[in-house]
1. So is residue 72 among the aliphatic types (A, V, I, L, M), in a loop (DSSP other than H, G, I, E, B) and either surrounded by 11 or more Cβ atoms within 10 Å (Cβ to Cβ) or in contact with a strand residue (DSSP E or B) (Cβ under 7 Å, 6 or more places away or on another chain) (or both) or not?
2. Which count do you get for residues in the stretch 58-68 that are without any contact (Cβ under 8 Å) to a residue 12 or more places away in the chain and among the hydrophobic types (A, V, I, L, M, F, W, C)?
3. Would you confirm whether or not the stretch 17-26 contains a residue that is in a helix (DSSP H, G or I), at pLDDT 85 or above and either of a type in the set (A, V, I, L, M) or surrounded by 12 or more Cβ atoms within 10 Å (Cβ to Cβ) (or both)?
4. If you go through the stretch 19-28 one residue at a time, do you hit one that is touching a helix residue (DSSP H, G or I) at 6+ places or on another chain (Cβ under 8 Å) and free of Cβ contacts under 8 Å to residues at least 12 places away in the same chain?
5. Tell me which of these residue 63 doesn't satisfy, since it passes every other one: (1) surrounded by 10 or more Cβ atoms within 10 Å (Cβ to Cβ); (2) assigned to a helix (DSSP H, G or I); (3) not hydroxyl-bearing (Ser, Thr, Tyr).
6. Step by step: first the residues of the stretch 33-57, then only those that are over 16 Å from residue 6 (Cβ atoms) and either polar (S, T, N, Q) or in contact with a Pro (Cβ under 7 Å, 6 or more places away or on another chain) (or both), then the one that is surrounded by the fewest Cβ atoms within 10 Å (Cβ to Cβ). Which residue is that?
7. For the structure I just gave you, tell me whether residue 52 is under 13 Å from the mean Cα position of the chain (by Cα), assigned to a loop (DSSP other than H, G, I, E, B) and modelled with pLDDT of 85 or more.
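The values are calculated or read from the model by the stated rules, or taken from the named source; none is laboratory data. Just so it is clear, the model here is predicted, and its values are computed rather than measured. A quick note on method: Cβ atoms are made from the backbone with ideal geometry, for glycine too, and the neighbour counts reach across all protein chains shown.
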Amino acid sequence: MEETDLDTLVIALYVKIDDDAANTARLPGCPPKLSHSELLCLAVMQAMLGFHSEACWLRHVRQHYRHLFPFVPL
């Protein structure tokens, strides 16, 4: 699978998750650096791509998906 195809899949997954989670209430205070939709999208991607190690997954995201997820937790 080409990287652009995977990018398209990630974007479609994010949009689906974000649309389904649109009715969630926001808590007062500073806005989070990573939205619930982004976090769920990252978790689903991790499972779909077969990463068992969180550290390996986050390194992979930082290297290949920084353009889609500007903030990735450490």
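1. Spelling it out, residue 72 is indeed among the aliphatic types (A, V, I, L, M), in a loop (DSSP other than H, G, I, E, B) and either surrounded by 11 or more Cβ atoms within 10 Å (Cβ to Cβ) or in contact with a strand residue (DSSP E or B) (Cβ under 7 Å, 6 or more places away or on another chain) (or both).
2. Looking only at that region, the number is 0.
3. So far as the stretch 17-26 goes, yes, one or more of its residues are in a helix (DSSP H, G or I), at pLDDT 85 or above and either of a type in the set (A, V, I, L, M) or surrounded by 12 or more Cβ atoms within 10 Å (Cβ to Cβ) (or both).
4. Looking for residues that are touching a helix residue (DSSP H, G or I) at 6+ places or on another chain (Cβ under 8 Å) and free of Cβ contacts under 8 Å to residues at least 12 places away in the same chain, one finds none in the stretch 19-28, hence no.
5. Result: residue 63 fails condition (1) only.
6. Here the residue is 53.
7. So residue 52 fails the test.
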